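The values are calculated or read from the model by the stated rules, or taken from the named source; none is laboratory data. Being a predicted model, the structure only gives us computed values, none of them experimental. Cβ placement follows ideal geometry from the backbone for every residue including glycine, while neighbour counts extend to all protein chains displayed. Surface areas here come from the heavy atoms of the whole protein model, side chains and all, with no ligands, DNA or RNA. Shrake-Rupley method; radii C 1.70, N 1.55, O 1.52, S 1.80 Å.
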Amino acid sequence: MDILVCAKRVPDTAENEIEIKADGADIERDDLVYSVNEADNYAVEAALQIAACTGGKVTVVTVGGEEDEEILRREMAMGANGGVLLTDDAFRDSDGRGIAAVLKAFVETGHYDLILTGVQADDGCAQVGGMLAAMLDYPFASLVTSIEVVEGGKLKIAREVEGGNKEIHAIDLPCVLSIQTGINEPRYVGMRGIRQVASIPIPRLGAPDLACALAMTGKGNAKVQRSRYFTPPAGKAAEILEGSRDEVIEKLIDLLKAKGGLN
Amino acid sequence: MPRIFAYVVHNSGVPDDTAAEMPAAARRIDPGQSPVAIVTGWGAELDQVCESLRATYGEIWKIAREPLAHPNAELVRQALVRVVPAGSIVLVPHAHFGTDLSPGLAIKLDAAYVPDVVDMEGVEGRWLKAVRQEFGGLIWARVRCDISTGAVLNIRPGAFRAADGAAANGRVVDRSADVGTLESRRRYLETIAAESGDIDITREPVLVSVGRGIGEQENIAVAEDLAEAMGAAVSCSRPVVDAKWMDKSRQVGSSGKTVRPKVYIACGISGSFQHLAGLKGNPFLVAINKNLKAPIFRVADVGIVDDILEFLPAMAERVREETAVGGKTRRKS
Ligand SMILES: Cc1cc2nc3c(=O)[nH]c(=O)nc-3n(C[C@H](O)[C@H](O)[C@H](O)COP(=O)(O)OP(=O)(O)OC[C@H]3O[C@@H](n4cnc5c(N)ncnc54)[C@H](O)[C@@H]3O)c2cc1C
Ligand SMILES: Nc1ncnc2c1ncn2[C@@H]1O[C@H](COP(=O)(O)O)[C@@H](O)[C@H]1O
């Protein structure tokens with residue numbers, strides 16, 4: 001089974017303080033540490049596990065700029081057979097629909113039995129997978145937490161719903177699934193693994209190759225545009241306990257006694 | 001101004017809380033409009049839902065079809081595409097079903113899509129102004145959305161306060177015959193209930209809850225130690241379960257358990273809405289986090305800005321002294 005995984009490079013919230021630029025137009029991007037979006041890493045692992053059983057190739061694709069190539073290499077170091085960078089000035093500042101349109105155009109240049117995305121990008125909207133499926137007229141399921149290949153070009157999948165319950169569905173191939181974090185344990189990638197794939201060429205496709213997407217890409221075609229970032233309005237704020245650690249602990253113990261947290 | 005519809009999610013014959021919130025959201029788009037509810041399903045449960053919606057909606061479109069008896073967003077999407085007029089605004093609760101339904105619905109309606117909307121600020125020309133959050137609620141963004149071909153807006157549960165207005169005494173319109181054949185290459189098979197774990201965190205009065213800030217599996221012992229000293233139980237946020245550091249039965253949140261403790265101590269938890277959705281009953285909420293900007297400090301009663309790996313052991317030690325002293329005093333009296 002040939003599998004395509006869509007992945008995005010995002011600022012890593014565990015490694016950075018995310019600050020807004022003075023004019024609100026963007027976040028401060030100097031010195032940001034980026035990584036592959038968390039859910040996408042789980043999606044690549046899921047694809048590798050399926051391909052290990054059924055045979056077939058795993059390809060990782062991203063829509064972005066030159067700087068995004070590093071995540072393709074990272075996922076190739078995990079075991080993906082290839083990476084493709086979809087890059088063009090015309091794709092810049094697209095909304096989720098524009099990104100999905102570029103991915104759709106790419107999917108139609110090849111043949112994939114299964115397409116995986118992450119549930120949501122840290123700076124995204126949990127939309128690209130569902131949009132891509134609708135554009136391709138493929139069946140779709142979101143929040144997938146297990147995948148089993150069954151006979152006759154079908155999958156049996158679990159999707160997570162409220163309260164940790166699971167909905168089980170049968171879904172025909174080809175289809176698009178958005179993968180939820182926790183579905184597996186993504187394998188570790190060391191520096192050595194990255195070095196091993198450093199010289200593999202990564203093909204680039206742009207507007208001439210993916211022309212049918214152009215009606216939806218770019219800022220001009222975006223139906224949804226970010227006007228500005230801002231700091232949230234003051235809400236009910238916590239009373240911050242001040243003082244040395246010992247003083248804070250004394251205060252907390254008194255409060256917990258009063259509230260029934262300590263007897 | 002386009003017509004506004006509200007897709008109502010329901011369970012066991014009862015509309016979800018968001019059913020009462022969507023009219024409030026609609027008023028933030030157009031103060032003059034009360035939205036039309038759309039409900040899909042099958043059987044007596046669906047009729048019960050329609051009946052109870054008559055209190056909050058002036059008009060309710062009922063789509064009763066057997067294939068809609070079980071959750072399958074693919075089929076619901078087909079049905080909606082056939083009845084929703086072009087150019088409409090459709091509100092959907094931003095939860096597990098909405099995530100499945102809305103992106104594809106927006107494409108098929110050729111409408112704009114904005115997920116997880118926490119506020120709206122009216123319409124200017126063809127642009128609707130909405131507020132969202134990014135990076136787990138760390139920063140907020142104003143977005144504008146071109147509604148000239150309609151929009152699908154996923155509404156954050158709890159973000160819009162339900163108005164307790166006068167009874168609408170709505171009328172139910174049966175649109176079941178207008179959706180044609182419903183077919184999907186995805187078929188619902190069954191729902192499997194979450195497994196229960198060694199302890200039931202939903203019954204615990206005091207929870208020490210750990211998040212990704214705990215860093216690694218070995219460090220969970222630090223929280224367990226404090227919990228033991230306090231006579232409390234340990235719960236956690238989702239990344240801790242994803243990493244397989246704790247059992248799923250300990251997870252608090254929309255895809256985990258809903259807990260109602262008296263006291264909740266959030267340690268290295270940022271305070272995402274999915275996590276807070278599992279925290280009910282207005283507990284005394286203590287947040288310990290090294291980042292003063294963490295959204296959890298916006299909802300906590302008491303905040304402590306510190307490193308949990310240092311704070312929790314010190315706290316455990318102090319609690320043990322306290323309970324030992326307390327024990328002595330009790331024996332004396
Ligand atoms: C459909 C869906 C369902 C979901 N369901 C749930 C759910 O049921 N429950 C849930 O919890 N999440 C759920 N999530 C995930 C949710 O969106 C957040 O990603 C998650 O809650 C974040 O967990 P966290 O706060 O532990 O981690 P983070 O957001 O990474 O926060 C870690 C925090 O720890 C702090 N920190 C780091 N180190 C230290 C230290 N040494 N000392 C003190 N503080 C420190 C950081 O400042 C940060 O604020 C769901 C997501 C989706 C898409
Ligand atoms: N620029 C992109 N290139 C490739 N895949 C993407 C891109 N943006 C989003 N995706 C995929 O779509 C998923 C959901 O993203 P989003 O809808 O932006 O939250 C991500 O987890 C990725 O798998």
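Brief remarks on what is shown
- Top-ranked residue in region B:1-59 [being within 15 Å of residue B:170 (Cα to Cα) and of a type in the set (S, T, N, Q); ranked as least open to solvent (accessible area, probe 1.4 Å)]: B:33
- Checking each residue in region A:7-26 for being within 11 Å of ligand 1 (Cβ to nearest atom), open to solvent by 40 Å² or more (accessible area, probe 1.4 Å) and not aliphatic (A, V, I, L, M) picks out A:13, A:15, A:17.
- Verdict on residue B:262 being surrounded by fewer than 19 Cβ atoms within 10 Å (Cβ to Cβ) and either facing chain A (nearest Cβ under 10 Å) or within 7 Å of ligand 1 (Cβ to nearest atom) (or both): yes
- Filter pass, residue B:105 being over 22 Å from residue B:184 (Cβ atoms), away from ligand 1 (no atom under 16 Å from the Cβ) and at pLDDT 95 or above: no
- Per-region count, region A:184-193, residues open to solvent by less than 70 Å² (accessible area, probe 1.4 Å) and within 7 Å of chain B (Cβ to nearest Cβ): 0
- Filter pass, residue B:261 being in contact with a Ser or Thr (Cβ under 9 Å, 6 or more places away or on another chain) and either closer than 22 Å to residue A:17 by Cα or assigned to a strand (DSSP E or B) (or both): no
- Enumeration of residues in region A:119-135 that are more than 7 Å from chain B (Cβ to nearest Cβ), of a type outside the set (Gly, Ala, Ser) and within 11 Å of ligand 1 (Cβ to nearest atom): A:119, A:120
- Test for residue A:199: is it loosely packed, with under 12 Cβ neighbours inside 10 Å and either of a type outside the set (Val, Ile, Thr) or touching a residue at least 12 places away in the same chain (Cβ under 8 Å) (or both): yes
- Matching residues in region A:212-245 - criterion: being part of a helix (DSSP H, G or I) and either surrounded by 11 or more Cβ atoms within 10 Å (Cβ to Cβ) or in contact with a Lys or Arg (Cβ under 6 Å, 6 or more places away or on another chain) (or both): A:212, A:213, A:219, A:221, A:245
- Any chance residue B:249 is in a loop (DSSP other than H, G, I, E, B) and at negative phi: no
- Of residues in region A:77-101 being within 14 Å of another protein chain (Cβ to nearest Cβ) and away from ligand 1 (no atom under 16 Å from the Cβ), the one farthest from residue A:174 (Cα to Cα): A:93
- Failed criterion for residue B:212 (all others in (1) modelled with pLDDT of 95 or more; (2) more than 10 Å from chain A (Cβ to nearest Cβ); (3) open to solvent by 90 Å² or more (accessible area, probe 1.4 Å) hold): (2)
- Residue A:181 within 16 Å of ligand 1 (Cβ to nearest atom) and more than 10 Å from every other protein chain (Cβ to nearest Cβ): no
- Strands (runs of 3 or more DSSP E) wholly inside region B:92-136 that include at least 2 residues being facing chain A (nearest Cβ under 7 Å) and within 16 Å of ligand 2 (Cβ to nearest atom): B:112-117
- The numbered conditions (1) more than 16 Å from ligand 1 (Cβ to nearest atom); (2) within 28 Å of residue A:162 (Cα to Cα); (3) modelled with pLDDT under 95 are all true for residue B:138 except (1).
- Count of region B:215-232 residues which are open to solvent by less than 30 Å² (accessible area, probe 1.4 Å) and away from ligand 1 (no atom under 15 Å from the Cβ): 4
- For region A:155-176, the candidate set comprises residues that are more than 16 Å from residue A:133 (Cα to Cα) and open to solvent by 40 Å² or more (accessible area, probe 1.4 Å); within that set, the residue that is farthest from the other protein chains (Cβ to nearest Cβ) is A:156.
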